[in-house]
Structures are given as structure tokens and as C-alpha cells.
Amino acid sequence: MTVPFLDLASAYRELAPELDAAYRRVMDSARYILGGEVSRFETEFAAFCGVAHCVGVGNGLDALHLILRAYGIGAGDEVIVPSNTFVATWLAVTHSGATPVPVEPDPATYNIDPGRIEAAVTPRTKAIVPVHLYGQPADMDPILAIAEAHGLKVVEDAAQAHGAYYGDRLAGGLGHAAAFSFYPGKNLGALGDGGCVVTDDAVLAARVRELSNYGSTRKYHHETVGFNTRLDELQAAFLRVKLARCHEWNDRRRAIAGRYRVLLAEADLVLPEVIDRAVPVWHLFVVRVRQRERVERFLADRGITTLTHYPVPPSRSGAYAAMGIAAGTLPIAESLSHEVLSLPIGPHLPIDGVERVCEALLEALARDHVPG
């Protein structure tokens with residue numbers, strides 16, 4: 001039995017009639033850029049997140065970048081980011097002209113540690129960007145308290161957390177604004193690229209919309225130096241179909257994560273922990289193991305695909321070599337990068353597939369030396 005990391009083909013097959021109808025609806029409309037599908041999706045996704053405004057853009061990186069630009073954050077400013085995240089979080093800050101200031105994660109949840117943020121705040125700090133990594137919301141209450149005390153914006157990087165709860169509120173409605181990605185592998189994934197900004201701030205939403213459309217609010221009138229990054233009409237139509245199933249598919253992921261936690265409870269590895277107020281959506285199910293590369297090969301030899309999120313922290317990447325962050329400066333992020341292993345998960349992974357993964361993983365861990 002082979003077990004793929006994520007079964008996108010089955011996701012399409014389940015929704016094929018509705019997705020195909022959405023495709024035909026757009027083709028028949030002959031409106032391919034900023035038509036009715038985008039505006040309707042924006043309304044529906046804003047309601048889903050419990051906020052007033054949604055602006056579709058080309059991808060998650062652009063969403064985060066445009067929020068920072070719309071807030072006027074740029075050269076000379078600093079933005080606090082997690083040390084343990086996908087590089088896009090840092091890139092958005094860099095593209096705005098500001099400087100990313102990394103803060104280490106809580107090693108139990110992998111999310112930014114609120115207890116370490118205050119020490120990173122300086123007179124140049126303008127925003128905090130907590131990432132809801134792997135689909136678990138960051139611990140937002142203490143982050144928001146720090147931001148309020150210092151007059152900072154809180155911008156959620158919610159690219160992996162569509163439908164995740166923190167208390168009684170959904171990711172995207174926890175800070176001043178939030179960025180989402182609709183990359184195909186996300187919990188709410190398009191059939192291509194896409195992203196959006198959500199917020200209750202009407203001024204910010206209008207500014208993001210202007211920046212995303214060549215700096216224009218009226219055709220051929222350009223009030224600022226903008227960008228061309230708009231959510232595609234066809235992808236918006238597909239997202240509307242999938243949005244209606246998002247909570248249901250998240251529940252399937254929770255059932256799979258629950259089974260993993262039961263079957264691996266006594267295993268020689270570190271399971272993810274969940275903070276009290278959070279209801280994750282398990283975009284990824286990430287464990288920590290020793291001899292990761294050997295375990296990966298062992299599982300691959302048995303037809304099980306795993307991935308590593310992420311093997312290189314932004315601070316150790318070539319993109320940020322000029323910052324001069326020495327090895328060992330961010331030891332938690334560096335340690336995680338050598339140990340984290342993402343197991344197969346997704347709404348179409350059958351329970352016997354979960355059991356197959358656990359059986360093989362336990363066999364790998366039980367060996368003193370995993371052949372490789």
C-alpha cells in the first residue's frame with residue numbers, strides 16, 4: 001500500500017461536478033479578471049473569517065507584503081517574525097523595505113513564543129507577524145497585549161490555518177489584518193495560485209486593493225506605484241466550491257491527527273502539542289525524530305511519502321546571509337530544522353493509510369540503525 005503525502009486527485013474527484021460547473025460558469029461569462037466570482041468569493045471568505053473585508057490577490061506572499069506596505073511600513077522599520085517559519089514570512093518584510101527581526105518558537109507548538117517577543121521590541125518596531133504554523137493558531141492574546149502596549153500592528157500569517165479556531169474566533173479575525181494563501185496544498189486550496197487579505201479595517205482594505213491593481217482605483221488613473229497581483233477569476237470560482245467544504249474537510253484532518261496521536265503515543269519521537277484555546281486544522285502533522293533522513297528513506301522504501309517543513313530556517317538561507325546571523329544564534333529553530341518530519345495528512349487519507357504510516361514509522365524507530 002502506497003501512501004501519498006497529500007492526495008489532490010481525490011480532492012478533485014470528490015468535487016468534480018461542482019468544480020467543472022464553476023469552470024464552465026467562468027468560461028461562459030467571458031469575465032476572466034476581477035469579475036463576479038472574485039467579488040462573491042471575497043464576500044463569502046470575509047464572512048467565513050468573521051471580518052468585514054477581503055481582498056483577493058495573486059498569492060500569500062503578496063498578501064502579506066501588501067498589508068505591510070498599506071500600513072506604511074518600510075525602510076528603517078523593523079517587523080518581528082518567527083525564526084521558525086517558511087521563508088515567505090521574512091520575504092514579505094524584506095520586500096516592504098523593512099527588516100525582519102526573528103523571535104524563537106515555543107518548542108512544544110513550533111509557533112512564535114510570546115514570552116520572547118517583548119525583548120525584541122525596539123523604537124523601530126512597527127509590527128508583529130505571528131504565523132499560525134502547521135495549522136495551529138499562535139497564542140494570540142499575549143501577542144495582542146504586547147502590541148497594544150507598544151502601539152504595534154499585528155498581522156497574522158494565516159497561510160496554513162484556514163478555519164482554525166483560537167477561542168471562539170477564527171484565524172484571520174484575530175489581529176489587525178491577516179494574509180492567506182490558496183496554494184493547492186492548503187486546507188483551502190485553489191487549482192493554481194492565489195491569496196487574499198482579510199481585515200476589519202476599511203482603510204487598509206481599500207489601500208491593499210489599490211496597491212494590488214497597479215496603484216489604481218479608477219481605470220487608467222494611477223495614484224501610487226502599485227503592483228499587478230489579483231486573484232484569478234477562475235481560481236475564485238473554484239475556491240467558492242471548496243470553501244463550502246472547508247470545515248468538513250478540516251474535521252477529517254482532525255480525525256486523522258487524533259488517530260496519529262493515539263497510535264504514536266508511546267513512540268520514541270516528539271508529538272505536537274496544542275495550546276488550550278486552540279483548535280488546529282492540521283494543515284501538517286509534524287513530529288520530531290532523530291536520524292530524520294534515515295527514517296524518511298525507510299518510509300519511502302515502503303511507499304510512504306513524507307516531507308520536511310522546513311529543512312533550512314530563513315536565518316540560515318542564502319537569501320538572508322547578508323544579515324550576518326551566526327549559526328547557533330537561533331538554536332531552537334535550527335534544532336527543529338534537523339528533526340521535524342511531516343507525516344501524510346489530508347481529508348482523503350484513509351484511516352488504514354494512517355495505520356500503515358504508523359506501523360512503518362514504529363518499525364523504523366524501533367531499530368538501532370535504520371538501513372540507509
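The values are calculated or read from the model by the stated rules, or taken from the named source; none is laboratory data. Everything quoted here is computed from the prediction, not taken from an experiment. Cβ: placed from backbone, ideal geometry, glycine included. Neighbour counts: every protein chain shown. Keep in mind that these areas ignore ligands, DNA and RNA; they rest on the heavy atoms of the full protein, side chains included. Shrake-Rupley method; radii C 1.70, N 1.55, O 1.52, S 1.80 Å.
A few comments on the model shown:
- Selected residue (criterion: most open to solvent (accessible area, probe 1.4 Å)) from residues of segment 81-96 that are under 24 Å from A202 (Cα atoms) and either in contact with a His (Cβ under 9 Å, 6 or more places away or on another chain) or without any contact (Cβ under 8 Å) to a residue 60 or more places away in the chain (or both): H95
- Residue satisfying all of: in segment 195-209; in contact with a Lys or Arg (Cβ under 9 Å, 6 or more places away or on another chain) and not charged (D, E, K, R); nearest to G185 (Cα to Cα) among these: V197
- Segment 113-141, subset touching an Asp or Glu at 6+ places or on another chain (Cβ under 7 Å) and aliphatic (A, V, I, L, M), residue nearest to H65 (Cα to Cα): V129
- Exactly one residue out of A177, A237, A164, A171 is under 24 Å from H283 (Cα atoms) and in contact with a Lys or Arg (Cβ under 7 Å, 6 or more places away or on another chain): that is A237.
- Selected residue (criterion: nearest to G195 (Cα to Cα)) from residues of segment 3-50 that are of a type in the set (D, E) and assigned to a helix (DSSP H, G or I): E42
- Search result, residues across segment 335-355 that are in a helix (DSSP H, G or I), touching a strand residue (DSSP E or B) at 6+ places or on another chain (Cβ under 8 Å) and surrounded by fewer than 20 Cβ atoms within 10 Å (Cβ to Cβ): E339
- If the condition is being open to solvent by 20 Å² or more (accessible area, probe 1.4 Å) and of a type in the set (G, A, S), then segment 22-53 contributes S29, A30, G36, S39, A47, G50, A52.
- Condition met for V289 (in contact with a strand residue (DSSP E or B) (Cβ under 8 Å, 6 or more places away or on another chain), within 14 Å of L361 (Cα to Cα), touching a residue at least 60 places away in the same chain (Cβ under 8 Å) and not polar (S, T, N, Q)): yes
- Test for R116: is it among the charged types (D, E, K, R) and over 20 Å from R316 (Cβ atoms): no
- Top-ranked residue of segment 290-304 - restricted to ones that are part of a loop (DSSP other than H, G, I, E, B) and on the phi < 0 side of the Ramachandran plot, ranked as least open to solvent (accessible area, probe 1.4 Å): R302
- Matching residues in segment 54-72 - criterion: being touching a residue at least 60 places away in the same chain (Cβ under 8 Å), over 17 Å from Q235 (Cβ atoms) and open to solvent by less than 60 Å² (accessible area, probe 1.4 Å): L64, L66, I67, L68, A70, Y71
- Candidates in segment 100-111 are the residues that are without any contact (Cβ under 8 Å) to a residue 40 or more places away in the chain and closer than 15 Å to S315 by Cα; of these, the one that is surrounded by the fewest Cβ atoms within 10 Å (Cβ to Cβ) is V101.
- Contact map, segment 1-28: first residue farther than 13 Å from Q235 by Cα, second residue hydroxyl-bearing (S, T, Y), Cβ cut-off under 6 Å, separation 6 or more or different chains; pairs are P4/T305; F5/T305.
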